[in-house]
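The values are calculated or read from the model by the stated rules, or taken from the named source; none is laboratory data. Computed from a predicted model, the values in this text were never measured in an experiment. Cβ coordinates were reconstructed from backbone atoms using ideal geometry, including for glycine residues, and neighbour counts include every protein chain displayed.
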């Protein structure tokens with residue numbers, strides 16, 4: 001069966017195209033005033049937001065989207081999730097602009113895409129184009145705002161990247177911004193107790209006195225039972241004309257008047273995206289969806305884009321207070337600040353930790369039927385990992401399980417869990433865990449050197465599960481008169497994660513391949529190219545398969 005997604009690379013002899021421009025200044029990609037529902041490097045699940053999200057004028061799809069500068073379309077990407085319908089334009093100043101979640105493209109580009117989809121028999125495409133294929137001028141309409149891919153409301157996800165490195169940069173520095181005179185909003189202060197080796201032992205929340213102006217703690221002199229501490233702030237930014245809780249642009253930590261830690265949302269690289277899980281308090285994010293920015297660098301965190309200062313960790317004295325000032329900025333320079341003093345309690349206890357996995361240590365352990373291998377640098381801070389195995393009932397099946405640490409501890413990279421191939425193996429086994437709603441999420445299991453091997457990027461409890469249930473196909477509309485688009489809903493009992501692909505599908509009218517659009521977030525397949533169908537009678541066939549090879553086939557006869 002053909003895999004849903006692949007990459008098409010169109011690389012004819014590359015030649016530079018002259019793209020004269022009176023100015024390299026960018027214009028807005030929309031005709032109406034920019035209002036943001038998301039800003040650059042806003043904290044998202046497992047990644048930094050790589051652009052800005054521009055709201056629709058009236059909350060519906062269809063707003064005209066324009067090229068922000070002269071250039072050529074260098075890439076077109078069509079995906080069921082992620083960016084949905086996305087277009088990339090390279091500009092003469094060495095910057096690429098990205099337009100995602102589009103409803104559609106210009107007629108010329110739309111026709112080209114459809115030709116490629118039929119040629120390669122795939123809805124999903126990733127095409128790199130030569131400079132002379134589609135040249136665009138500043139202000140030219142390139143498509144319409146939409147809600148495709150992993151989008152949950154009509155908007156334009158817009159990015160600027162360095163063309164050579166693909167490093168995302170902040171579009172607001174290029175004038176693509178909105179008005180804002182509202183300072184960042186601070187919700188709580190977090191004080192983290194750390195061991196001398198950098199392990200986070202616990203945290204304590206401090207709240208601001210709502211009866212006081214600004215952000216004043218109920219007590220501005222704090223004594224704490226700890227020698228080593230770091231700080232975090234639960235906070236967000238709000239802009240004029242919008243109620244969205246957006247990300248913070250910058251912060252700095254001063255200790256006794258000296259800058260000890262700082263950061264600005266000016267850029268990052270995609271290969272460091274996952275380090276967001278040490279940039280925020282991962283446990284509070286996973287458990288409570290709270291966005292707490294950490295104002296210190298964890299011991300194993302190699303994130304490159306912190307600014308002035310050291311690691312932000314403070315060694316407290318039981319004699320003198322340290323004066324703390326935290327300044328938080330938005331990109332317009334509005335600032336909120338917190339000022340307090342802290343020292344170690346005179347009767348502070350000596351906190352002892354269990355045996356921990358250090359930053360430069362590897363971990364190889366056999367527990368029950370499982371082998372686990374965590375390479376050096378797998379964790380963001382030294383941590384004590386408890387590991388155990390058992391049997392658990394999953395979907396009325398007895399499944400071997402392994403528990404590794406806590407699900408609230410972030411992991412920096414993939415690590416390996418393997419086991420001997422079970423008796424009666426039918427290529428249907430996969431490693432699963434449960435999400436916070438109790439649904440089964442699976443990571444796959446490949447057969448390597450006589451063992452089942454899975455790679456996961458989180459801690460918690462995992463189960464070796466045999467999936468024998470095929471996907472489901474539900475007909476929403478398959479009317480014979482073909483006056484409305486055909487729609488089918490496809491679903492599976494497991495949610496793919498990590499390196500596991502989504503459902504595969506193929507559709508045919510007799511032996512003729514059919515182009516179905518895949519709306520992943522709504523689990524819908526949509527077809528409206530009725531002029532490409534063979535004359536009746538014909539047999540419609542839909543085949544859907546999951547990662548474990550379970551297949552569902554749907555057939556329908558269309559008579560004359």
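Go through segment 375-404 and report how many residues are within 16 Å of residue 463 (Cβ to Cβ) and within 24 Å of the chain's Cα centre (by Cα). Explain how you work it out, then say what you get.
Initial filter on segment 375-404 (within 16 Å of residue 463 (Cβ to Cβ)): 387-404.
Now drop any that are not within 24 Å of the chain's Cα centre (by Cα), which leaves 404.
Residues in segment 375-404 being within 16 Å of residue 463 (Cβ to Cβ) and within 24 Å of the chain's Cα centre (by Cα): 1 in total.
Among the residues of segment 30-78, which ones are closer than 23 Å to residue 136 by Cα, in contact with a helix residue (DSSP H, G or I) (Cβ under 9 Å, 6 or more places away or on another chain) and not in a strand (DSSP E or B)?
Within segment 30-78, 51, 68 meet the criteria.
Does residue 244 qualify as being assigned to a loop (DSSP other than H, G, I, E, B) and either within 23 Å of the chain's Cα centre (by Cα) or within 25 Å of residue 435 (Cβ to Cβ) (or both)?
yes
Among the residues of segment 507-514, is any assigned to a loop (DSSP other than H, G, I, E, B), more than 37 Å from the chain's Cα centre (by Cα) and not assigned by TED's automatic domain parsing to the domain that holds residue 104?
Yes, segment 507-514 contains a residue that is assigned to a loop (DSSP other than H, G, I, E, B), more than 37 Å from the chain's Cα centre (by Cα) and not assigned by TED's automatic domain parsing to the domain that holds residue 104.
Considering each of 540, 505, 462, 530 in turn, give the residue that is over 19 Å from residue 426 (Cα atoms), surrounded by fewer than 17 Cβ atoms within 10 Å (Cβ to Cβ) and modelled with pLDDT of 95 or more.
Numbers: 540 fails: surrounded by fewer than 17 Cβ atoms within 10 Å (Cβ to Cβ); 505 fails: surrounded by fewer than 17 Cβ atoms within 10 Å (Cβ to Cβ); 462 fails: surrounded by fewer than 17 Cβ atoms within 10 Å (Cβ to Cβ).
Every option except 530 fails the conditions.
Collect the residues in segment 117-166 that are over 28 Å from the mean Cα position of the chain (by Cα) and closer than 25 Å to residue 70 by Cα, keeping them in residue-number order.
130, 131, 132, 133, 134, 135, 136, 137, 138, 139, 140, 141
Confirm whether residue 515 is at pLDDT 95 or above and exposed (fewer than 15 other Cβ atoms within 10 Å of the Cβ).
No.
Which ranges mark the strands (runs of 3 or more DSSP E) fully within segment 264-348 that have 3 or more residues being touching a helix residue (DSSP H, G or I) at 6+ places or on another chain (Cβ under 9 Å) and within 30 Å of residue 360 (Cα to Cα)?
Output list reads 292-294.
Could we say that residue 488 is outside the structural domain of residue 369 (by TED's automatic domain parsing) and either surrounded by fewer than 21 Cβ atoms within 10 Å (Cβ to Cβ) or in contact with a helix residue (DSSP H, G or I) (Cβ under 7 Å, 6 or more places away or on another chain) (or both) here?
no
If only one of 45, 82, 28 is within 15 Å of residue 158 (Cα to Cα) and at pLDDT below 95, which one is it?
When all the criteria are applied, what remains is 82.
Closer than 19 Å to residue 296 by Cβ and either in a loop (DSSP other than H, G, I, E, B) or assigned by TED's automatic domain parsing to the domain that holds residue 282 (or both): which single residue out of 223, 204, 166 fits that description?
The conditions single out 204.
Of the residues in segment 121-160, how many are out of contact with any helix residue (DSSP H, G or I) (no Cβ under 7 Å at 6 or more places or on another chain) and more than 24 Å from residue 521 (Cβ to Cβ)?
Summing the residues that are out of contact with any helix residue (DSSP H, G or I) (no Cβ under 7 Å at 6 or more places or on another chain) and more than 24 Å from residue 521 (Cβ to Cβ) in segment 121-160 gives 13.
If you take the residues in segment 256-274 that are over 21 Å from residue 160 (Cα atoms) and surrounded by 15 or more Cβ atoms within 10 Å (Cβ to Cβ), which one is farthest from the chain's Cα centre (by Cα)?
Step one: filter segment 256-274 for residues over 21 Å from residue 160 (Cα atoms), giving 256-262.
Next cut, surrounded by 15 or more Cβ atoms within 10 Å (Cβ to Cβ) only: 259-262.
Details: 259: 31, 260: 29, 261: 26, 262: 24 Å.
The qualifying residue farthest from the chain's Cα centre (by Cα) is 259.
The conditions are (1) over 24 Å from residue 293 (Cβ atoms); (2) out of contact with any strand residue (DSSP E or B) (no Cβ under 7 Å at 6 or more places or on another chain), and residue 401 fails exactly one of them. Which is it?
Result: residue 401 passes all but (2).
Tell me yes or no: at least one residue of segment 47-69 is buried (at least 23 other Cβ atoms within 10 Å of the Cβ), in the same structural domain as residue 124 (by TED's automatic domain parsing) and at positive phi.
no
Looking at the structure I just gave you, is residue 412 in contact with a helix residue (DSSP H, G or I) (Cβ under 9 Å, 6 or more places away or on another chain) and loosely packed, with under 15 Cβ neighbours inside 10 Å? Spell out how you get there, then give the answer.
Values: in contact with a helix residue (DSSP H, G or I) (Cβ under 9 Å, 6 or more places away or on another chain): yes; loosely packed, with under 15 Cβ neighbours inside 10 Å: no.
Taking the combined requirement at face value, the residue does not satisfy it.
Give the residue that is nearest to residue 32 (Cα to Cα), with candidates limited to residues of segment 182-201 that are at pLDDT 95 or above and assigned to a loop (DSSP other than H, G, I, E, B).
Out of the qualifying residues, it is 182.
Among the residues of segment 152-163, which ones are crowded, with 19+ Cβ neighbours inside 10 Å and outside any loop (DSSP other than H, G, I, E, B)?
155, 156, 157, 158, 159, 160, 161
Under 30 Å from residue 263 (Cβ atoms) and either free of Cβ contacts under 8 Å to residues at least 12 places away in the same chain or touching a strand residue (DSSP E or B) at 6+ places or on another chain (Cβ under 9 Å) (or both): does that describe residue 107?
So residue 107 does not fit the description; no.
I need every pair where a residue in segment 471-492 that is on the phi > 0 side of the Ramachandran plot has its Cβ under 6 Å from the Cβ of a residue that is outside any strand (DSSP E or B), sequence separation at least 6 or different chains.
Once the first residue is on the phi > 0 side of the Ramachandran plot and sits in segment 471-492, its partners that are outside any strand (DSSP E or B) give 482/530.
Please verify whether residue 320 is at negative phi and free of Cβ contacts under 8 Å to residues at least 40 places away in the same chain, treating the condition exactly as stated.
Against the criterion (at negative phi and free of Cβ contacts under 8 Å to residues at least 40 places away in the same chain), residue 320 qualifies.
Could you pull out the residue among 362, 353 that is under 30 Å from residue 420 (Cβ atoms), surrounded by fewer than 17 Cβ atoms within 10 Å (Cβ to Cβ) and at pLDDT below 95?
None of the others qualify; the one that does is 362.
With on the phi > 0 side of the Ramachandran plot, surrounded by 20 or more Cβ atoms within 10 Å (Cβ to Cβ) and modelled with pLDDT under 95 as the only criterion, which of 149, 214, 175 stands out?
On the way: 214 fails: surrounded by 20 or more Cβ atoms within 10 Å (Cβ to Cβ); 175 fails: surrounded by 20 or more Cβ atoms within 10 Å (Cβ to Cβ).
Going through 149, 214, 175 in turn, the sole match is 149.
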